[in-house]
Each structure stands twice: as structure tokens, then as C-alpha cells.
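These notes are about the structure you will find just below.
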Amino acid sequence: MDLMEKLTILTNSAKYDASCTSSGVNRPGKTVAAGCCHSFSADGRCISLLKVLMTNYCIYDCKYCVNRSSNECRRTAFTPEELAELTMEFYRRNYIEGLFLSSGVIRSPDYTMEQMIQVLHLLRHRHDFRGYIHAKTIPGSSPELVRRLGLLADRISVNVELPSEQSLNRLAPNKKREAIFSPMKQICAETEQNRQELVIYKKAPRFAPAGQSTQMIIGASPETDYQIITLAEAMYGKYALKRVFYSAYIPAVEDSLLPALDAKPPLLREHRLYQADWLMRQYGFKSEEILSHDTPNFNPYLDPKCNWAINNMQEFPVDVNTAELETLLRVPGIGPTSARRIVIARRNGRLGLAELKRIGVVLKRAQYFIQTSDRTPSARPDKEMTVRALIDQNVYSFGMEQLSLFQDAPGPMPLPTSRDVKSITEAVEETVLCLASSL
Amino acid sequence: MSGFKPLTVPADVIYTYDGSFDGFLCCVFESVYTGELPFSIRREEDSPMTLYDVRSIVTDSAKAERVRASIPLKISERALELVITVFCSCLAEKELRILEFLLRAYREGGKLCFKLGDAAVAPLLSAEKHLLREAHHLKGFIRFADVGGALVAAITPKNYVLPFISQHFVLRYSNEQFMIFDKTNKSALVYQNGRAEILQIDHVAFPEISESEARYQALWKQFYNTVSIESRENPRCRMTHMPKRYWENMLEVSGLVHPAAERILPGGQIVSVL
């Protein structure tokens, strides 16, 4: 089989993996510390790394996976040499920042890992490759191999795959919870140990300097959004993960345990999960502030931050000229960048609305929640106007198929379907009235 | 403190200069020492038909050096950095805006740079941000082709970004020879034998590409088209992250911008890159 065909098959098998970031290591020139997107595919996802599988042969039969052993498809494998060379040539032409290597399980987890390590070894030691490498560990492989992989890669990851043990047993019978969490624990411990070694000896070999991440599939199993973000929060805390990725389940194989083949991927839900994830990592929110046992699923119309804000109106208005950075971050329309800018700018003069606008605050949303030197919002803001400013227009562009997701959830009424309304404007009006009255 | 000069007075005059940074600094010198605020400052080549008096400012490196040295001394290092970056940007009337900023900063000091919401400072900061963002984008979006062992690429940026991406690529390809040709500003970053320099060039003719180069380009296009998930297709999202103005120099999407380009020019994909 020629390289073109192999690349096609092994890209196709790898493309459902969500992560493609290249952030977290600073080797000036060789990698960009904040990560670097080299292209964007037609689905709008960033292409930073050459994302391929070592092989799509697999001895496992995970129900949700395109590469499950019972799925009839063409199988192939890269040789370590040809993959290393392809990576080098792509990197040289500035197509990519590096390699994202994962694999189906061929023969045994250990054998597969050895193949992957061989690619990384060739890259780092024969080709002197200094770009980014993200490698996926194979569940069930020996700790020694995980260690060797970590010493060659920048980031390593173990996929939790599904958000609960029950779902894992049901849909991925060959993967055990233990096989996933023990390498995660090991990576966390190795990183910590490596940090201490680096203090003593600066040139100690670095273990996964960009940390570890994980991914779970959303919408193939019945967990609530609250369960998912609590799990993510726990992993951030316990295993010091750098990122958790959420991947909307895209039906690729027929199975009675899974959503039908023609089900649309829950993209809006995935979008909300990422928003909540950012709130937890960058904005200082706790999972129970975002969702709770009583409201276990996201509001489709409002992003989680706006949702929190209108349910906690007693926290507002916030005075931009005096409030702490953490408080500013809670205002809809103010993100980490504009919050930091506000703090710098107000040392050199008081801020009014005109100044905030020039700083980059989204006044459309923020105006109902802030007090400035030239304006104090009324004590009882107009609910309808507030809601109208906050409503997430994405809800309409993501399509009405999302309906089924939220239908069972308690909370706001279901989305108006395209048959009920003539235009998005009308849909927005209907939602505004509905939300405002429920406040 | 003898330092305070009277504010400059708006004058019906247009300065023209040679387009160099030194030339611009001489315009600042002229304004400060005549006490007049010109109506506009233009490059000589795009000097307009106008009813205003036009004064041609001669570049004098001694004067320029005095102005340059005064900025970190009387304002701050950050101010000099901001001025240089904005001068490379595509901000409309950038020369006049920088001059106005400098005149105020000489009086108010370095803290003016941190008045992020100030009507005179904010446009400079956003021009700076625009340039740095474009430079960051290009660090990813530039596509090199291997031509006889050397790497070549072309870009059409809005800002003059070459000085801002030079270090990145020099470190990335320290063992290679490469050239990045900026079609907008008619200049090229050339790196060979461990030395990088930016040259003024009107036109570059790249040779035909080899078979192996064509093969890697085909592999990359195939990867690009395969890695996208059909059921998630979202052209608007792609365009937000990767604005269309970059596409003409990116081989994986250049065909989508000018469908005709590849038909007109024989020899495979490279033609759209160069």
C-alpha cells in the first residue's frame, strides 16, 4: 500500500480525537509556547499537529469506535521510519507544529507502545526533531513503557473515553477503569518527581513537559452535564491535568447500545461543556456554581457564565473602578484579557463606558452588570432587555436537532422548532419572553 | 523643570518624508522644534494633490538619533517599542497619530502607554495588536516549498510583519536556508549561512518544483481534506479562525479562493503558493 493510501486511512481513523493543541512547551522557534494553529479544516477545527494512528488494526471491540475489531474496514499500519520521515517533511514546510500519535491496539498494549516509542525515538534522536509531540498511552501497557513514552513526548494523554464506569463497562468492555486511571496517576507522579529532579539538575531529561490531558465522548452514554463537569473538575484537581477534551459522539458504527447512525452529534452540548471547562480553569468557577443536582443540564439559550449571572443578580452591579480581578471575571462580557486591561488602565484614571469600550469590553452584555464612573445601572434592571443581550445566538445556528437533548431536562421550555417559527428573529423574541418570565 | 514645551499648534502644512523610520523621526523633530502640528504626514511617493503647503523633510540621521534616544529617556522603553510597532502597522494616518501620541507622552510621561482606554492611545494599541496577531497567524499559516534544498514562501500581509516573524523562523530553521517574500511590502526575509536580512525586492521568480516536493504537497492536501469531520462541517467557523485573506498563500485552500488560478498556471500546486 502506498503512503498516500496509508495516510488517508490512518487519518480517517484518528480524526475523531478532539485534541490538537500544541501549547505548553517553550523551545523558542521550534515550538510556540502558547500553541500554534497551522491550518483549520472545513469543520472549523484547528490543525496544529499531524494527527494519525500508528495503526488501525485493533484487538479491542469498543462499541463507539470506528476501529473496533468487529467493524469491517481497511486496515493498515505505518512503519516507524515512514511516519518519522513524513512528520519531518511536513514540519520543515511549516505545515505542522508536530505529531499527535495514537494507535489501535495491535497484538498487545505493550507491543503497540513499543512501536510508538520507536517513532518518537527516531524523531528525537535520528532526525533531531525539536517540534511538539503528543502521544496517547495505550491502556493496559506497562508502567516502564509509559515512562519511556513520557521522556520522548511533550504531552501524553490517557483517554477516559466515557464519563462513568458503568458506561465504560457497557460500551468498552475491554477497557477497565483501573487501566485508565493507573497510568494517569503514574504520569502525575512522574511529573512531580521530574520537577524535583530538575531543581537539582537542570539538564535532567524532562518528563512530558506539557503535562497530560484526557478526552471523553459526550452523548454516547446517559450521564448528565453536571456529572461530566464534576468528573472533569476532580481530574483537574487530582491528576493535575492540563486539559480535558469533550468530543461530541458521532455515530460511526451501528450498535443497539448506541444512538442511531443518523443521530446528529450534540455539538451545542459539547460547546457548553467547553465553556464550563474554561470557567473552571480560567475564571475561578466551581462546578457546583455552574450546575447542580437540581439543574443538572446546561441552559441551551444562555452560556454558563451568563446563566450564572442572571441567577445571581445580587452580586451585581460590579464597580469596574474598584472590583477585584476575580470579581471582574464574573461579569458577562469581560474575559481574562479585558479584566487584566481594566486593572492596568484604572491605575491611570477612572474608567467610564467610552474607556471600557476602547479597552475591549463587550458592552452589549456587560452594561447591565457594571457600574462605571459615569453610569450606575438601575437597581432593578429590565429583565427582558438583559436576557435579550445575553442570549446565545449560537443556539439557533447549531440547528434545531439539538432539541432532543434538552427535552427531558427540567428548566426552560424546549427550543422552538423551525416549523413553529418563521425566522430566527421570531425565535429569539419567543425565547426572550420565556426566559424573562422565568427569572 | 524647564522641560515643558508649549503644545504644538495645528498648521496648514503636510510633511512628506522618505518612508523610513529615521525619516519619520525627523518629522517628529521638525514638529517639536517648529511648534506646529502638521495636517498630515505622508510618504513622498504617495504625496497627494493638495491645497496645503507641502514641506519635504530631509532624513538626517543625527536628528533621527536624537529623537530616538529621547523616547526611552523622557518617556519609556515601552513607548519606543509601541512607536516602532505601530510604524510597521497598517494604521491609517499612523505617522500623525504616533506624532500626537509622542507630543503628549513627552509631557505626561511613560504612564500614558497604560491609559488603555484613552482615545489617543487605544487606536495605537489596537494597531499594535492587529500587527502582532497577524504575525502570530503567519507563524502558522506560512507554507514553505522546498526548491533545490532551500525553503521559499510568499505572504501578502496587511502589516509589515517580517521583522516580527524573523526570529521565530530563524530559530526554527537554523540549519536551513530560507526566504519569505512579502508581496505587499515588496521585501524579503532571506536567511542563509546563519545570517538573516530583510531586502527590498520587487519581484521573485521561483523555479519549478521537484517531483518529491509535489508529492509532499499532495500528501498534505490529502491529510487536510481527510482530517475534517463531515458531519461537523462549519465553514464560518473556519473563516473566523483562518480569515480568507490568508488563503491565497496556503496550498491546502488556495484552490478554494481562486479556482481558476490552478488551471491557468501549469506545473501543479506550487503556482498558487508562489
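Counting beta carbons within 10 Å around each of B:CYS237, A:CYS36 and listing the fewest first gives the order B:CYS237, A:CYS36. Other residues whose C-beta falls under 14 angstrom from the C-beta of A:ARG92 contribute a net charge of -1, scoring Lys and Arg +1 and Asp and Glu -1. Sites count as exposed loop sites when they are GluC sites (Glu not before Pro), lie in a DSSP loop, and have at most 14 other Cβ atoms within 10 angstrom; the longest stretch of chain A without one is A:73-253. Taking chain B as a Gaussian network of alpha-carbon nodes connected by springs under 10 Å, the highest mean-square fluctuation of the residues B:GLU45, B:GLU248, B:GLU36 belongs to B:GLU45.
Each 10 Å bin, from zero up to the one with the longest distance, holds this percent of the alpha carbon pairs of the stretch B:142-273: 11, 38, 37, 13, 1.
Per residue, the average separation of C-alpha pairs within less than 8 Å and at least 6 apart gives chain A a relative contact order of 10 percent.
Return the calculated 222 nm mean residue ellipticity for chain B, to the nearest 500 deg cm²/dmol, obtained by summing -39500 (n - 2.57) across DSSP H runs with n ≥ 4 and dividing by the residue count. About -13000 deg cm²/dmol. Principal-axis analysis of the Cα atoms of chain A puts helix A:267-282 at an angle of about 80° to the longest axis.
Shown here for the stretch B:125-172: trypsin sites (Lys or Arg not before Pro) in loop regions (DSSP other than H, G, I, E, B) with at most 15 other Cβ atoms within 10 Å, namely B:LYS158.
Legend: residue pairs A:LYS30/A:LYS176; A:LYS357/B:LYS183; A:LYS136/A:LYS264; A:LYS30/B:LYS111; A:LYS30/B:LYS115, Cα-Cα distance threshold 29 Å; pairs beyond threshold, A:LYS30/A:LYS176; A:LYS357/B:LYS183; A:LYS30/B:LYS111; A:LYS30/B:LYS115. What is the distance in Å between the Cα centres of the stretch B:43-81 and the stretch A:238-309? With the stretch B:43-81 and the stretch A:238-309 each reduced to a Cα centre, they are spaced 54 Å. Largest first, the extents of the alpha carbon coordinates of chain B on the three principal axes equal 69, 41, 41 Å. Relative contact order of the stretch A:21-150, taken over Cα pairs closer than 8 Å and 6 or more residues apart, is 26 percent. For an R0 of 22 angstrom, estimate the FRET efficiency from the Cβ-Cβ distance between B:HIS203 and B:SER20 and round to the nearest 0.05. Given R0 = 22 Å and the Cβ-Cβ separation, E is 0.50. Taking every pair of alpha-carbon atoms in chain A, what share in percent sits in each 10 Å bin, from 0 to the bin with the longest distance? Whole-percent P(r) values from 0 Å outward: 4, 19, 27, 24, 17, 8, 1, 0. For the set A:LYS51/A:LYS175; A:LYS6/A:LYS238; A:LYS203/A:LYS286, the pairs lying more than 27 angstrom apart at their alpha carbons are A:LYS6/A:LYS238; A:LYS203/A:LYS286.
Measuring from each cysteine beta-carbon in chain A, the ones with no other cysteine beta-carbon under 4.7 angstrom are A:CYS20, A:CYS36, A:CYS58, A:CYS73, A:CYS188, A:CYS306, A:CYS434. Using R0 = 41 Å, the C-beta based FRET efficiency linking A:VAL253 and B:THR156 works out to 0.40. Taken about its Cα centre, chain B carries a charge dipole of about 880 debye when Lys and Arg each add +1 at the Cβ and Asp and Glu each add -1 at the Cβ.
Label positions at B:ARG133 and A:ARG350, each projected 7 Å from the Cα along the C-beta direction, are separated by 3.1 nm.
Among the trypsin sites (Lys or Arg not before Pro) in the stretch A:213-298, those located in a DSSP loop and surrounded by at most 14 other Cβ atoms within 10 Å of their own Cβ are A:LYS286. Per-residue extension of 0.36 nm, minus the Cα-Cα distance of A:ALA179 and A:SER108, leaves a gain of 24.2 nm for this segment. Dipole orientation for the protein assembly as shown: of the candidates B:ASN185, A:SER103, B:ALA69, B:ALA69 has the Cα lying most toward the positive pole (charges on Cβ; Lys, Arg +1; Asp, Glu -1). Scanning chain B for DSSP H helices at least 27 Å long along the axis (C-alpha atoms) with a Kyte-Doolittle mean no lower than -0.5 picks out B:122-141. Ignore the peptide's own chain and count Cβ atoms of other chains within 10 Å of each Cβ in B:233-240; give me the average, rounded. The per-residue average across the peptide is 5. Between B:ARG215 and B:THR50, the FRET efficiency from the beta-carbon distance, with R0 = 56 Å, is close to 0.50.
When only Cα pairs below 8 angstrom with a gap of at least 6 residues are kept, chain B shows a relative contact order of 12 percent. When only alpha carbons are used to place a centre, the stretch A:20-65 and the stretch A:150-171 end up 16 Å from one another. Within 10 Å of each Cβ in peptide A:43-53, how many partner chain Cβ atoms are there on average? Round it to a whole number, please. Mean partner-chain Cβ count within 10 Å for A:43-53: 5. Listed from fewest to most Cβ neighbours within 10 Å, the set A:PHE316, A:PHE78 follows the order A:PHE316, A:PHE78. When the helices of chain A are scored as -39500 (n - 2.57) per DSSP H run of n ≥ 4 and the total is divided over every residue, the value at 222 nm lands at -12000 deg cm²/dmol.
Where Lys and Arg each count +1 and Asp and Glu each count -1, what net charge lies around B:VAL147 among other residues with Cβ under 10 Å from its Cβ? Once positives and negatives cancel, what remains is -3. Normalised by residue count, the stretch A:184-310 yields a Cα convex hull volume of 132 Å³ per residue. Dipole size of the stretch A:118-196 about its Cα centre, with +1 on Lys/Arg Cβ and -1 on Asp/Glu Cβ: approximately 120 debye, rounded to the nearest 20. For a 22 Å ceiling on Cα separation, which of these pairs sit above it: A:LYS15/A:LYS185; B:LYS129/B:LYS158; B:LYS158/B:LYS186? Violating the 22 Å Cα-Cα cut-off are A:LYS15/A:LYS185. Test of understanding: extend the Cα→C-beta vector of B:THR34 to 7 Å, then name every residue of the stretch B:76-96 with backbone N under 20 Å from that spot. Counting backbone N atoms under 20 Å from the label point, the list is B:93-96.
Any read-out appearing in this document is the output of simple, stated calculations on the displayed coordinates, not a laboratory observation. Small disclaimer: the values here were computed from a predicted structure and weren't measured. No Cβ is skipped: glycine too gets one built from the backbone with ideal geometry, and neighbour counts run over all protein chains shown.
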